[in-house]
Amino acid sequence: MQKCEGRTILVTGASRGIGRAIARRLAAEGASVVLSASRSGVHGSLLGTLDEAVDEIRAAGGKARAVTADLCKPEERSDLISRASELFGPIDTLINNAAGARMKLPSQATHEDRSFMYELNVNAPIDLAQQAIPSMRARGGGWILNITSATARQPALPYRDSKTSALVIGAYGATKAALDRYTVALAHELIEHEIFVNALAPTSIVLTQAAEYVRDIGRRNPDMVEPVEMMAEAALELCTGRHAGLVTFSRDLVHSTGGKVHSLDGTRVLGDAFLKADIEGKV
């Protein structure tokens, strides 16, 4: 039996990148997946669309539908869980992947910049979790996974890249630190209801579909990049296992569970926690 057979999963920010990869991996395990994103994309024109992501899963034999919402706007996210539940049934797994960043030095991040990031990166995932919890409780359990970031912690000295690049992530990282803290508190509250809440960050920069700038980084520093399949596999573990209150990293989780990393369609074993990113796209 597939690990997610009979499950209904909502993934936000799923038109591209990590969210899209996680949706594909969980659909390959039998889940009915609802993919959500803003039609225009938070950052403007972005590679990938909701329609393409849904078609990709269906072409592989999976079950997927799409629902749109601009998560920066409380009025658009206020009924997202109920709208998503109309497609395949009640949501028993919520993956809060959508996020946005405005890279500025901490002394220069404006109120508007900070408000944008806190609204999307903190308030939105909390609001969606609060919408989903009553149904999860009523049905005897569920899973909530918040995608976080290593930027929640100040980079160690000496900085791997430039001082500026280490500092402009500060305001964004502060929102992820807030999300991490809320995740742990929520996990402790809900574990008695068999609702498993965790946060997952990439160990390194994730090589996603057509992310050429990441390939360039990987050519210079291969250890700074990880395959997107690593995040997808770690997410699968946290959305099927009985973990609670973890704020963990992709490679660490895969290694600690002795897991294998599979292709996004679930048909091939690619390696383990030491799997390197395919920088040149040869596989």
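Computed from the coordinates by the stated procedures, all read-outs in this text should not be read as laboratory data. Since we're looking at a predicted model, the values are computed, not measured. Here Cβ is always computed from backbone atoms with ideal geometry, including for glycine, and neighbour counts include all displayed protein chains.
As a rough footprinting exposure proxy, the listed residues Ser82, Ser107 were ranked by other beta carbons within 10 Å of their own, and the order from fewest upward is Ser107, Ser82. Comparing mean-square fluctuations of Arg251, Arg83, Arg268 from a GNM of the chain with C-alpha springs under 10 Å, the top value falls on Arg268. Judged by the mean number of other Cβ atoms found within 10 Å, the most tightly packed of the peptides 169-181, 111-123 leads the ranking 169-181, 111-123.
Using Cβ counts within 10 Å as a stand-in for footprinting exposure, how do Asp161, Asp265 rank, fewest first?
Ascending number of Cβ neighbours within 10 Å: Asp161, Asp265.
For the range 8-271, the percent of C-alpha pairs falling in each 10 Å distance bin, counted from 0 to the bin holding the largest distance, reads 7, 31, 40, 19, 3, 0.
Remind me, relative contact order of the chain in percent, using alpha carbon pairs under 8 angstrom and six or more residues apart?
The normalised contact order for the chain reaches 18 percent.
Among Val269, Val261, Val254, Val67, the ranking by other beta carbons within 10 Å of each residue's beta carbon, starting with the fewest, stands as Val269, Val67, Val261, Val254. Taking the helices alone, the chain has a mean residue ellipticity at 222 nm of -11500 deg cm²/dmol, built from -39,500 (n - 2.57) per DSSP H run of at least 4 residues and averaged over all its residues.
Are there any helices in the chain, counted as whole DSSP H runs, that stretch 20 Å or more along their axis by Cα and score at least 0.0 on average by Kyte-Doolittle, and if so which?
Details: long enough: 124-139 (23 Å, -0.10); 170-190 (30 Å, 0.14).
Helix filter hits for the chain: 170-190.
Over the chain, how many pairs of lysines fall under 29 Å by alpha carbon, counting only those 8 or more apart in sequence or from different chains? Eligible lysine pairs with Cα atoms under 29 Å apart amount to 17. With the highest mean first, a sort of the peptides 51-60, 13-22 on other beta-carbon atoms found within 10 angstrom per residue produces 13-22, 51-60.
Taking a ≥ b ≥ c as the square roots of the eigenvalues of the Cα gyration tensor, an a/c ratio of 1.5 or more together with a/b larger than b/c marks the range 173-239 as prolate. Under the criterion of Cα pairs below 8 Å and six or more residues apart, the relative contact order for the range 52-125 equals 27 percent.
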